[in-house]
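Before any comments, here is the structure.
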Amino acid sequence: MMQRREKLVALRKNKNLTQKEVVHQLKQRYNIDITKSYYGMIEQGVRTPSLKIGLAIAQLFDVDPNEIF
């Protein structure tokens, strides 16, 4: 079974997005300003995003937040 954060990486790669592009889309669409480094730590499981950021990431990838966090 794929770990949840691995699914987050897979979702990003399936959309052919870099971490930098995800961060840019979060800023453009949801006015969420995080660094590429912070997003990378979310993907690695080092950091847990706030509810607002987690929901925005889930919405960006069109998945239920419970599937990735």
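Assorted remarks:
- Residues of region 1-40 that are among the hydrophobic types (A, V, I, L, M, F, W, C) and surrounded by 15 or more Cβ atoms within 10 Å (Cβ to Cβ): L8, V9, L11, L17, V22, V23, L26, I32, I34.
- Evaluation of V46 against (1) closer than 16 Å to Q3 by Cβ; (2) surrounded by fewer than 11 Cβ atoms within 10 Å (Cβ to Cβ); (3) at pLDDT 95 or above (one fails), failing number: (3)
- Exactly one residue among F69, F61 is within 12 Å of R4 (Cβ to Cβ) and either at pLDDT 95 or above or hydrophobic (A, V, I, L, M, F, W, C) (or both), and that residue is F69.
- Pairs meeting the criteria (first residue in region 58-69 and among the aliphatic types (A, V, I, L, M), second residue modelled with pLDDT under 90, beta carbons under 6 Å, at least 6 apart or on different chains) are I68/R4.
The values are calculated or read from the model by the stated rules, or taken from the named source; none is laboratory data. Quick caveat: nothing in here was measured; it's all calculated off a predicted structure. Reconstructed Cβ throughout: ideal geometry from the backbone, glycine too, with neighbour counts over all protein chains shown.
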